[in-house]
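Following: one structure in structure tokens, then a few remarks.
The values are calculated or read from the model by the stated rules, or taken from the named source; none is laboratory data. What you are looking at is a predicted structure, and each value in this text was computed from that prediction instead of being measured. Note that each Cβ is placed from the backbone with ideal geometry, even for glycine, and that neighbours are counted across all protein chains shown. Ligands, DNA and RNA are excluded from the accessible area calculation, which covers all protein heavy atoms including side chains. Shrake-Rupley method; radii C 1.70, N 1.55, O 1.52, S 1.80 Å.
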Amino acid sequence: MLLHLHAVRHGQTYFNRYNRLQGWANAPLTEEGLADADRAGRKLADLEFKAAYCSDTTRAQITAERILEANQSEGKPGIVSDMHFREQFYGYFEGQDMGMAWWAAGAPHGATTYNQIVDRFGLAASRDFLKEADPFGDAESDKEYWERIRGGFDLMSGNPALHDGDDVLLISHGNTLLSLMYRFAPEGYDLSSRPTNGSVTVFDFNTELPFEQALEVRSYNR
């Protein structure tokens with residue numbers, strides 16, 4: 001079964017505005033964030049979604065609700081809110097200034113910014129380095145992160161109401177979308193920054209393939 005997955009980054013939150021790490025933390029949407037959601041809703045208004053998924057954070061839930069409110073199709077799906085779709089968990093560093101957090105993670109390895117960590121060691125290392133720097137060890141490692149994310153796609157592929165060619169809405173998060181692009185996009189995409197709030201990235205999701213081969217990028221809108 002091939003699903004057309006329309007992945008939207010949630011609207012701007014106060015932590016986004018303040019440049020703070022926000023994984024499982026639950027900062028509310030700003031007025032601009034509500035406008036981000038409405039803009040995405042207008043962009044997707046003519047699609048007939050057969051299912052809608054989001055993480056169980058309010059920023060994702062409210063974004064999903066506003067997108068579906070703007071949708072013009074008659075039969076709108078209910079929203080499945082699930083923890084498997086959450087952003088990366090930053091543990092001790094949740095809510096901290098991004099620059100300070102990534103310095104703490106990367107400095108022991110000679111990289112003092114997030115981009116330096118990714119450029120020199122790869123995206124997986126950014127998660128592993130942050131876990132190493134977490135004094136409680138609560139931040140997700142790269143392995144822990146992908147095991148959880150895979151659970152969300154398993155939930156989607158196991159939905160008996162979905163059929164080949166269906167359009168599916170997914171409200172996601174900045175680092176998760178960037179991680180999916182790094183893992184599944186061919187060369188030629190600029191991955192130097194996260195997708196913007198309210199942006200739409202489209203994937204083809206082949207539910208019959210192993211997760212490592214299941215996604216193909218159709219369009220990436222930062």
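Which residue out of 50, 76 is part of a loop (DSSP other than H, G, I, E, B), touching a residue at least 24 places away in the same chain (Cβ under 8 Å) and basic (Lys, Arg)?
Details: 50 fails: part of a loop (DSSP other than H, G, I, E, B).
Of the residues listed, the single one that is part of a loop (DSSP other than H, G, I, E, B), touching a residue at least 24 places away in the same chain (Cβ under 8 Å) and basic (Lys, Arg) is 76.
The condition of being open to solvent by 20 Å² or more (accessible area, probe 1.4 Å) and within 26 Å of residue 154 (Cα to Cα) does not hold for residue 120.
Candidates in the stretch 105-117 are the residues that are surrounded by 19 or more Cβ atoms within 10 Å (Cβ to Cβ) and in contact with an Asp or Glu (Cβ under 9 Å, 6 or more places away or on another chain); of these, the one that is farthest from residue 171 (Cα to Cα) is 111. Of the set (1) hydroxyl-bearing (Ser, Thr, Tyr); (2) in contact with a Leu (Cβ under 7 Å, 6 or more places away or on another chain); (3) open to solvent by 20 Å² or more (accessible area, probe 1.4 Å), all apply to residue 81 but (2). Pairs linking a residue in the stretch 174-187 that is in contact (Cβ under 8 Å) with a residue 40 or more places away in the chain to a residue that is of a type in the set (Lys, Arg), with Cβ atoms under 8 Å and 6 or more positions apart or on different chains, are 174/9; 174/194; 175/194; 177/9; 177/194; 178/194.
If the condition is being within 11 Å of residue 92 (Cα to Cα), part of a helix (DSSP H, G or I) and small (Gly, Ala, Ser), then the stretch 127-164 contributes only 133. Here residue 134 fits the description: of a type in the set (Asp, Glu), touching a residue at least 24 places away in the same chain (Cβ under 8 Å) and open to solvent by less than 60 Å² (accessible area, probe 1.4 Å).
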